[in-house]
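See below for the structure under consideration.
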Amino acid sequence: MAESAPLPPGSTIGIFGGGQLGRMMAMSAMQLGYRCIGYAPAGDNVAADACADFFENHWADREALSAFAAKCDVVTWEFENVPVSAVERIPAARLACAPRALEVAQDRLAEKRFVEDLGGRAAPHLRVESDEDFAGALDRIGTPGILKTARDGYDGKGQWRVQGGSEAQGVRFPGRTCIYEGFVDFEAEFSVILVRAADGEIRFWDSTANTHEGGMLVQSVLPAPAIVEEQVEAARELAGKVADALAYVGVLTLEFFATKNGPVFNEMAPRVHNSGHWTIEGAATSQFENHVRAICGLPLGETATRFASIDMRNIVGEQALAAHEILAEEGEPHLHLYGKCEAREGRKMGHVTRVGARLP
Ligand code: AMP
């Protein structure tokens, strides 16, 4: 969206994707007087509960995409694997920002190249298109390492770890383009979450230390350890360059490994992020609200942290069945459940944020 007057209350925001990120985005949009319309293929589209209307159509359904576009004043996404061809069906003037950010982030090789060109450092990596490439990559980069599909992976899916030793240990090239990365010996993981307005203003939230299990985020905490604090500035500088280079509008996330030799870029998500859920209660303005503000041309909100400590944990799979017990805890546990029908193993069902003392 070009710099223009703010969208008046009552305007309609279109959201590609139907997951919990869209649901929480729509809840923030509603608070600011906007209505949302979602678009995603049929499935457990929990964002629909918070939307005034929802298109359950295939990404390639041109008629549905045109009808969706006609109803929206601005269109954004909550899911980085929305096919670029679907986004391109939306008139450019109605897009919060160009789909270039999606194009880059959808391909692990492209995103690493993009970030390296801007001065960032990524893990050693090689493209793998065949069994021979995989053998060559193991030879050149060594083990331990991780073979990842270049596209469509999330929450640890499409990833295979190769432990120490010189053999692939049963890991096989899966027949589609992959990247083989050397394993980064990190001290901690953290993310930089920023919001960028159409006029180029950028604000950052504090960086939580993130813990992953099996490739999926399980916990984000503040304060982060000293090694993260020391590396946040350099990581922010890089994230700001990425946002500017993409002329990005909205919330953008870059994930990093904090290593003894400085921050190593892992991946980016051109969207609100699981490691930013704590901002709903923990920051002056949440990532969801600031995303809405940015795409609607409203002034950005303060991003300062309000509490001395923050602990956000995901509620995964069957943990959701007992989640309400959290409400009986002392303190201020903030429970969020996403309304998903089926508590499948490894599925993010909700999260809980616990906060410490309020900062003056
Ligand atoms: P990704 O989907 O690339 O974000 O990977 C999910 C998680 O797997 C990361 O947050 C790390 O915990 C771990 N991981 C991925 N790639 C690497 C790597 N090259 N070295 C060490 N850990 C990794």
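The values are calculated or read from the model by the stated rules, or taken from the named source; none is laboratory data. Remember, it's a predicted structure, so these values are computed and weren't measured experimentally. Positions of Cβ are backbone-derived with ideal geometry, glycine not excepted, and every protein chain shown enters the neighbour counts. These area figures cover heavy atoms from the full protein model, side chains too; ligands, DNA and RNA do not enter into them. Shrake-Rupley method; radii C 1.70, N 1.55, O 1.52, S 1.80 Å.
Under conditions of 37 °C and 0.692 mPa s, region 206-294 yields 238 µm² s⁻¹ as its translational diffusion coefficient, taking Rh as the Kirkwood radius over Cα pairs in the Stokes-Einstein equation.
Ranking 55, 186 from most to least accessible surface, computed with a 1.4 Å probe over the protein chains only, gives 186, 55.
Loop only per DSSP, at most 15 neighbouring Cβ atoms within 10 Å: give me the trypsin sites (Lys or Arg not before Pro) in region 235-296, ordered by residue number. Of the trypsin sites (Lys or Arg not before Pro), the ones in loops of region 235-296 whose Cβ has at most 15 other Cβ atoms within 10 Å are 260.
The distance separating the Cα centre of region 126-191 from that of region 241-277 comes to 21 Å. Considering only 134, 204, 190, the mean-square fluctuation computed in a Gaussian network model of the chain, springs between alpha carbons under 10 angstrom, is largest for 134. Electrostatic bookkeeping for residue 251 treats Lys and Arg as +1 and Asp and Glu as -1; over the other residues with beta carbon under 9 Å from its beta carbon, the sum is +2. The stretch between residue 92 and residue 308 holds 73.5 nm of extra length on full extension. This uses 0.36 nm per residue minus the Cα-Cα distance. When the chain is treated as a Gaussian network with alpha carbon springs shorter than 10 Å, the biggest mean-square fluctuation among 170, 43, 301 belongs to 170.
About its Cα centre, what dipole magnitude does the chain give when the only charges are +1 on Lys and Arg Cβ and -1 on Asp and Glu Cβ, stated in debye to the nearest 20?
With Lys and Arg at +1 and Asp and Glu at -1, about 480 debye.
Applying the criteria of a DSSP loop state and at most 13 other Cβ atoms within 10 Å to the trypsin sites (Lys or Arg not before Pro) of region 129-226 yields 157, 172, 176.
Structure shown: which of 71/148; 148/340; 112/340; 112/348; 260/348 lie over 30 Å apart, alpha-carbon to alpha-carbon? Long pairs (Cα-Cα over 30 Å): 71/148; 112/340; 260/348.
Remark: the residue 129-residue 358 segment gains 77.3 nm on full extension, using 0.36 nm per residue and subtracting the alpha carbon distance. Loop exposure criterion: GluC sites (Glu not before Pro), DSSP state outside H, G, I, E and B, at most 15 other Cβ atoms within 10 Å. Applied to the chain, the longest stretch between such sites is 202-301.
With a ≥ b ≥ c the root eigenvalues of the C-alpha gyration tensor of region 12-105, is it rounded (a/c under 1.5), prolate (a/b larger than b/c) or oblate? Here region 12-105 falls in the rounded category. Label-to-label distance, residue 163 versus residue 213, with points set 7 angstrom from Cα along the beta-carbon direction: 1.9 nm.
For a test of the definition: using alpha carbon positions, the gyration tensor, and the 1.5 limit on a/c, classify region 188-355 as rounded, prolate or oblate. Because a/c hits 1.5 or more and a/b exceeds b/c, region 188-355 counts as prolate. Taking label positions 7 Å along the Cα-Cβ direction at both residue 247 and residue 321, the computed distance is 5.2 nm, reported to one decimal.
Pairwise over distinct Cα atoms, reciprocal of the mean inverse distance: report the Kirkwood radius of the chain in Å, one decimal place.
21.0
Build a GNM of the chain with springs between Cα atoms under 10 Å apart, and of 264, 272, 251 the one that fluctuates most is 264.
In the context of the full set of protein chains, residues of the chain present 43 Å² of accessible surface per residue (probe radius 1.4 Å, heavy atoms only).
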